[in-house]
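Here the structure is laid out as structure tokens; the discussion comes afterwards.
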Ligand SMILES: NC(=O)c1ccc[n+]([C@@H]2O[C@H](COP(=O)([O-])OP(=O)(O)OC[C@H]3O[C@@H](n4cnc5c(N)ncnc54)[C@H](O)[C@@H]3O)[C@@H](O)[C@H]2O)c1
């Protein structure tokens, strides 16, 4: 299969490119290297069936050329990371909405099978934990920039579903929950790589809020396995799937476990949300997926437990720092 991965030089995309090439697919990556990096795909350079195009989603002719050759598209390119969204909301809206619109246009022109990356953030501040795909979505007011990411990704879902309904686009939507693993960078506010780096440098691990908020972390290898299985499924129904781990850990416990496993003497420092982000920042206490739908439909459940995830990230970060 010829697969186009938008955002393929990013964290999840580069692991997906590895996996698809390994099973014999051809992979074309489109990426503007804004948060991704050429380093992530350096090892793939020169591999038969691999190509990289340094361009953005708004480059219509390039997008058209790549979509024309693709049997399937995995759309991962997006503005991601809390800090990036809070600092540059216009850019985030343009990338996530106009970029996805352009991508979907190209995909439907050539009838490409299309997988769209969405996010647990579309559940907003819903308290109906665990979140199931048909649950109501609850956002805060628009003068809180915090909701830009979730709302723009939700609009992507609507755009994609409209393309399916009106033009028969073969479609699957994946709502990822916290994905972690080697190559993820802490530069844009992702908690786990940031903690690991702080622990290895002997710096305080900065926990935002009281540390009792929980998250569920899923290893990127498990996520890529889900994407690869979903790519081969029929897409006539335009299904939405939660994809993530349902094992909860508090952020305070996470910091403690990282310190212990990295053999670090770093202290933990608690920072109010207002200092970490902006006044009035609303965090979510729990964000847990109901993964019974994807388990029933394709037999997927995560296999990596938290200790193994942490060891993998600590090893990766140690190597990167030496
Ligand atoms: N990592 C997670 O925990 C997580 C959770 C939920 C959803 N997601 C979604 O998964 C996808 C991949 O996320 P990731 O964690 O790999 O992030 P990432 O930042 O590593 O990957 C995104 C990639 O898109 C590229 N990109 C951004 N804007 C672009 C544009 N206009 N044109 C072309 N390329 C562009 C970036 O350079 C980067 O390589 C995103 O859509 C994100 O919203 C990720």
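List of remarks:
- Residue ranges of strands (runs of 3 or more DSSP E) in region 30-131 with at least 3 members under 23 Å from residue 229 (Cβ atoms) and within 8 Å of the ligand (Cβ to nearest atom): 113-119
- Scan of region 236-270 for residues that are loosely packed, with under 14 Cβ neighbours inside 10 Å and more than 20 Å from residue 174 (Cα to Cα), ordered by number: 260, 263, 265, 267, 269
- Out of 161, 230, 169, sole residue that is within 29 Å of residue 106 (Cα to Cα), modelled with pLDDT of 95 or more, in a loop (DSSP other than H, G, I, E, B) and away from the ligand (no atom under 13 Å from the Cβ): 169
- When region 158-182 is limited to residues that are surrounded by fewer than 21 Cβ atoms within 10 Å (Cβ to Cβ) and under 15 Å from the mean Cα position of the chain (by Cα), the one that is nearest to residue 33 (Cα to Cα) turns out to be 182.
- Residues (surrounded by 24 or more Cβ atoms within 10 Å (Cβ to Cβ) and free of Cβ contacts under 8 Å to residues at least 40 places away in the same chain) located in region 8-35: 17, 27, 29
- Looking across region 273-317, the residues that are surrounded by fewer than 18 Cβ atoms within 10 Å (Cβ to Cβ), modelled with pLDDT under 95 and in contact with a helix residue (DSSP H, G or I) (Cβ under 7 Å, 6 or more places away or on another chain) come down to 278, 282, 283.
- The listed residues are 185, 206, and the only one of them that is farther than 19 Å from residue 124 by Cα, touching a helix residue (DSSP H, G or I) at 6+ places or on another chain (Cβ under 9 Å) and part of a strand (DSSP E or B) turns out to be 206.
- Residue match in region 143-157 (condition: out of contact with any helix residue (DSSP H, G or I) (no Cβ under 7 Å at 6 or more places or on another chain), surrounded by fewer than 18 Cβ atoms within 10 Å (Cβ to Cβ) and not in a helix (DSSP H, G or I)): yes
The values are calculated or read from the model by the stated rules, or taken from the named source; none is laboratory data. Worth saying up front: this structure is predicted, and the values here are computed from it rather than measured. Counting neighbours? That spans all protein chains shown, and the Cβs are built from the backbone with ideal geometry, glycine included.
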